Amino acid sequence: NAGVTQTPKFQVLKTGQSMTLQCAQDMNHNSMYWYRQDPGMGLRLIYYSASEGTTDKGEVPNGYNVSRLNKREFSLRLESAAPSQTSVYFCASRRQGWNQPQHFGDGTRLSIL
Amino acid sequence: GENVEQHPSTLSVQEGDSAVIKCTYSDSASNYFPWYKQELGKRPQLIIDIRSNVGEKKDQRIAVTLNKTAKHFSLHITETQPEDSAVYFCAASRPDRGSTLGRLYFGRGTQLTVWP
């Protein structure tokens, strides 16, 4: 039981390049989330998904797109990377219910030059 | 939306002392309050959570208290050890309108350092 798996762990991009961050969970969770973490800013929600086929914007969605491919997988895409998107990205999942804990992946450290 | 404020942003204690981190929230509909610990370069990990039907919850050296009237909740760590050094995040959750999905609203974190 791997929990939440994110790939890649590290990535360096040039400004304007595109990239997809992958996330998969094996806990049969319904809800999945993408966060970015910047120093002093805590965890900010980018997008989330209640179930396969549904997605909603969080606090900071600009410059990102998401796809909930199936119940297990939730990907985050940067169409044209900008230096301001340099961050650590975390994927999380939780089982059905708003009062259940979220479980996080190990993160992707992304640098945009 | 919900606004969660966390204090202090940094906290240094001597090994064996207690540490207290406080959070306030703005939305009275929030009913679930988890705490996460994040070690350097690692993922946030749930250490304790509380739901609004209880005022206090303990797990060994860690306890969380909740005051719904005042809209604040606190993390208490007793007999601190160097391995408690990490960033701690509080969060609040409530149902989104028309769904049971809910979102977690995070505080900005507290860097706890425990000196030997």
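The values are calculated or read from the model by the stated rules, or taken from the named source; none is laboratory data. Remember, it's a predicted structure, so these values are computed and weren't measured experimentally. Heads up, the Cβs are rebuilt from the backbone with ideal geometry, glycines too, and the neighbour counts pull from every protein chain shown.
Quick notes
- The test for being among the basic types (Lys, Arg) and closer than 27 Å to B:Leu40 by Cβ does not hold for A:Arg68.
- Residue in region B:99-112 that is buried (at least 16 other Cβ atoms within 10 Å of the Cβ) and in contact with a His (Cβ under 9 Å, 6 or more places away or on another chain) present: yes
- Which listed residue is out of contact with any strand residue (DSSP E or B) (no Cβ under 7 Å at 6 or more places or on another chain), of a type in the set (Gly, Ala, Ser) and under 30 Å from A:Arg109 (Cα atoms), from B:Gly41, B:Gly107, B:Gly102: B:Gly41
- Leading residue by the ranking (farthest from the other protein chains (Cβ to nearest Cβ)) among those in region A:96-105 that are crowded, with 17+ Cβ neighbours inside 10 Å and assigned to a loop (DSSP other than H, G, I, E, B): A:Gln100
- Restricting the first member to region A:1-25 and to residues that are at pLDDT below 95, and the second to residues that are part of a loop (DSSP other than H, G, I, E, B) and of a type outside the set (A, V, I, L, M, F, W, C), the beta-carbon pairs closer than 6 Å and six or more apart or on different chains are A:Ala2/A:Asp26.
- Out of A:Arg36, A:Arg72, A:Arg77, one residue alone is within 14 Å of another protein chain (Cβ to nearest Cβ) and at pLDDT 95 or above. It is A:Arg36.
- Qualifying residue in region B:19-38 (condition: among the polar types (S, T, N, Q) and free of Cβ contacts under 8 Å to residues at least 12 places away in the same chain): no
- Summed over region B:21-69, the residues that are at the interface with chain A (Cβ under 9 Å from one of its Cβ atoms) and hydrophobic (A, V, I, L, M, F, W, C) give a count of 1.
- Restricted to region A:18-60, and to residues there that are β-branched (Val, Ile, Thr) and part of a strand (DSSP E or B), the residue that is nearest to A:Ser84 (Cα to Cα) is A:Ile46.
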